[in-house]
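**Student:** Have a look at the structure that comes next, please.
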Amino acid sequence: MSKTRPARVVIVEDNALNLELMQTVLAGAGFEVHGAADARAGLALTRRVHPDVVLMDVQLPEMDGLEATRALRADPATAAIPVIAVTAHVKKDDEDRCLAAGCVLHVAKPIDTREFPRLVQRVVGGVK
Ligand code: MN
């Protein structure tokens with residue numbers, strides 16, 4: 001069997017406890033996890049580590065997660081990286097706004113710690 005590298009994840013989340021929870025859950029599931037506390041740091045981190053997926057909190061100080069997602073989509077270096085929006089908002093129009101900004105999926109907070117790694121893995125797909 002060939003050795004596979006762990007899927008690489010960038011989490012952009014300004015709430016330290018939420019960031020720690022997602023990092024712990026995903027690292028425990030075997031992901032390589034990188035965290036950033038605001039959009040600008042998240043964009044720089046994404047360009048540097050080129051993750052397989054970005055988990056983007058929508059409500060961030062200064063630049064919000066949707067604007068950051070549009071910036072990733074607009075940059076050829078990061079345009080192909082799927083972005084999962086993570087937000088406390090659960091209304092249909094919020095989900096529509098996330099998808100319109102270029103997110104592949106919308107996840108509501110609080111995350112389901114059992115389902116979350118599976119969901120991220122589904123988006124990453126067959127990373128080798
Ligand atoms: Mn937030």
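**Student:** Taking R0 as 25 Å, what's the FRET efficiency between residue 73 and residue 5 from their Cβ-Cβ distance, rounded to 0.05?
**Tutor:** Between residue 73 and residue 5 the formula returns 0.50.
**Student:** Something else about it: Over the chain, what is the relative contact order in whole percent, taking alpha-carbon pairs under 8 Å and six or more residues apart? Spell out each step's value before the answer.
**Tutor:** On the way: 212 pairs, mean separation 31.6, N = 128.
Result for the chain is 25 percent.
**Student:** Kindly identify the range 24-128 as rounded, prolate or oblate by the Cα gyration tensor criterion: order the square roots of the eigenvalues as a ≥ b ≥ c, call it rounded if a/c is under 1.5, otherwise compare a/b with b/c, prolate if a/b is larger, else oblate.
**Tutor:** On the way: a/c = 1.43, a/b = 1.07, b/c = 1.34.
It is rounded, given that a/c, with a ≥ b ≥ c, falls under 1.5.
**Student:** Given the -39500 (n - 2.57) contribution per DSSP H run of 4+ residues, what per-residue ellipticity at 222 nm results for the chain, rounded to the nearest 500 deg cm²/dmol?
**Tutor:** -12500 deg cm²/dmol
**Student:** If each of residue 104 and residue 62 carries a label point 7 Å out from its Cα toward its Cβ, how far apart are those two points in nm?
**Tutor:** A separation of 2.8 nm, rounded to one decimal place.
**Student:** With both partners inside the range 8-128, how many of the DSSP beta bridges are antiparallel, as a percent to the nearest 5?
**Tutor:** Details: 0 of 17 bridges.
Expressed as a percentage, antiparallel bridges in the range 8-128 total about 0.
**Student:** Points 7 angstrom from Cα along the Cβ direction at residue 44 and residue 27: gap in nanometres?
**Tutor:** So the label points at residue 44 and residue 27 sit 2.1 nm apart.
**Student:** Which of 86, 49, 125 sits closest to the plus end of the dipole of the chain, meaning its Cα is farthest towards the positive end, when Lys and Arg get +1 and Asp and Glu get -1 on the C-beta?
**Tutor:** Result: 125, furthest along the dipole toward the positive end.
**Student:** Continuing with this model, one more query. Sorting check: for 57-63, 37-43, 77-83, which peptide has the highest mean count of neighbouring beta carbons within 10 Å, and how do the rest follow?
**Tutor:** On the way: 57-63: 17.4, 37-43: 19.9, 77-83: 15.9.
Packing order, densest peptide first, comes out as 37-43, 57-63, 77-83.
**Student:** Here is a further query. How big is the charge dipole of the chain about its Cα centre, in debye rounded to the nearest 20, if each Lys and Arg gets +1 on its Cβ and each Asp and Glu gets -1 on its Cβ?
**Tutor:** So the dipole magnitude of the chain works out to roughly 660 debye.
Just so you know, all these numbers are worked out from the coordinates, no wet-lab data involved. Keep in mind that what you see is a predicted model, and the values were worked out from it rather than measured. Counting neighbours? That spans all protein chains shown, and the Cβs are built from the backbone with ideal geometry, glycine included.
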